[in-house]
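What follows is a short report on a single structure.
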Amino acid sequence: MFHEEKEGIIIANIAELFLGEVKKYEPSYPNEKPDALVIKNGKIEAIGETGRILADYNRTDYEYINCNNEQSVCPGFVDSHTHLVFAGNRSHELEMKIQGISYSEIAAKGGGINYTVRETRNALKKELKEAALKVLNKMLLHGTTTIEAKSGYGLNHESELKILEVINELNEEHPIEIVPTFLGCHIKPEDFMGNTYEYIETMMYLLPEIKRRNLAEYVDIWTDLGAFTVEESEFFLKEAIKQGFKIRVHADEMDNVGAGIMAANLGAVSADHLLKSEAITAEAMAEKEVVANLLPGTPFVLMSKKYANYRMFRDANCTVALSTDFNPNCYILNMQTILTLGTYMMKMTPKEALKAGTFGGAKALNREKRIGSLDLGMQADVLILDVPSIDDLVYQFGTNNVSTVIKEGKILVKDREIVTETK
Ligand SMILES: [Zn+2]
């Protein structure tokens, strides 16, 4: 690629430049409206008006991208909640859902999460990896540059380790940065004969090996009606914390069981879903700086009218993230769709939604000092959008508005095509 011989990249005449949370960049004069970026050594080198940038940097030394005041620029999307690795397609359940057959009835007919678990256990590592690679490439084409990925469809030692190994190998091989999470306590699988505490203990036995082999940064659990109780979850998470893991929680999706408050008490990095949470949860999470990770794809695919109460979390001063919850029951990998759902279903402004899908996601992964905003010195994970404004990114939905994806200063997608698949 010829741009690699250049000093870096200049992006100029940007229609709308969304920087996110910036502390280091200072306008050179009051009311400066920056519309250009310089990328060098994988980082944001300069931000300013096109005229000033082109006076300071010689465009012939750089790969020069002219947005012609038609294209906008924002940080790469950070999708901080995905179940990337699984086998088995569940599109056939859609007709049952439309007929009004409930989630538990679908499960009783052999569908649902236990179907995914059976298929995932039977799949070879190679098959899981190939399927996930296809998803990662689609995510990249839609502007996602960092994701979190959970295990949780193995639910026994062998298969949970298999999934975590796949996640870690993909992180080595694919340009998207992947943050691994151990979700051995997703649900108690149908074939486990003992009681819930006995199941949790079998998953606890895996923690030292996961730590020793550095297979996961986070430990997660589903704390909810029909999943694990708060007491059971605390029993597991306290052990994970003791062994040096950071934690995150699937919280209060089906019912307000106090999972968000538990996440705050235990110092979780994020609590996710929070569909049924009330103000007291938002306040507890804000006080302990737990990110409220909202996943509007889930109520959408469940055909529910009940979305998380974004404004309650915002007004409590919680950092809010938006993520896809990509999984076989919620096959949405495009963060742009999620921003649109955030706006239309949760009354987020387009800029609030975009900030949640970039800075919020980065904070939900403890990486907000490196990614999620376009401040000076930050990692250059940058998107060029084929729309004249951030409002249009959300408003012109149902199509891919991302034309160029830059990760760590390297162009990975150009004119909507992947130009390099290596790190
Ligand atoms: Zn999930």
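Worth a mention:
- Where D56 falls short, out of the listed (1) acidic (D, E); (2) in the same structural domain as D386 (by TED's automatic domain parsing); (3) modelled with pLDDT under 95: (3)
- Single residue of the stretch 267-299 satisfying the filter (polar (S, T, N, Q) and away from the ligand (no atom under 13 Å from the Cβ)) that is farthest from I332 (Cα to Cα): T281
- Screening F359 on (1) more than 16 Å from the ligand (Cβ to nearest atom); (2) more than 12 Å from the chain's Cα centre (by Cα); (3) in a helix (DSSP H, G or I) shows it passes everything except condition (2).
- Checked against (1) crowded, with 20+ Cβ neighbours inside 10 Å; (2) within 27 Å of the chain's Cα centre (by Cα); (3) under 23 Å from L385 (Cβ atoms), P34 passes all but condition (2).
- Residue list for the stretch 238-252, restricted to those being among the aliphatic types (A, V, I, L, M), within 16 Å of the ligand (Cβ to nearest atom) and either touching a Leu at 6+ places or on another chain (Cβ under 7 Å) or at pLDDT below 95 (or both): I247, A251
- Any hit, the stretch 266-276, residues being part of a helix (DSSP H, G or I), within 26 Å of G100 (Cβ to Cβ) and in the same structural domain as I147 (by TED's automatic domain parsing): no
- Count of the stretch 215-237 residues, restricted to those that are within 16 Å of the ligand (Cβ to nearest atom) and charged (D, E, K, R), is 2.
- D255 being out of contact with any Cys (no Cβ under 8 Å at 6 or more places or on another chain), among the charged types (D, E, K, R) and within 14 Å of the ligand (Cβ to nearest atom): no
- E177 under 16 Å from N122 (Cβ atoms) and not polar (S, T, N, Q): no
- Output for the stretch 200-226, where each listed residue is surrounded by fewer than 22 Cβ atoms within 10 Å (Cβ to Cβ), out of contact with any Asp or Glu (no Cβ under 6 Å at 6 or more places or on another chain) and farther than 28 Å from E169 by Cβ: E201, G226
The values are calculated or read from the model by the stated rules, or taken from the named source; none is laboratory data. Worth saying up front: this structure is predicted, and the values here are computed from it rather than measured. FYI the Cβ positions are ideal-geometry reconstructions off the backbone, even for glycines, and counts take in every protein chain you see.
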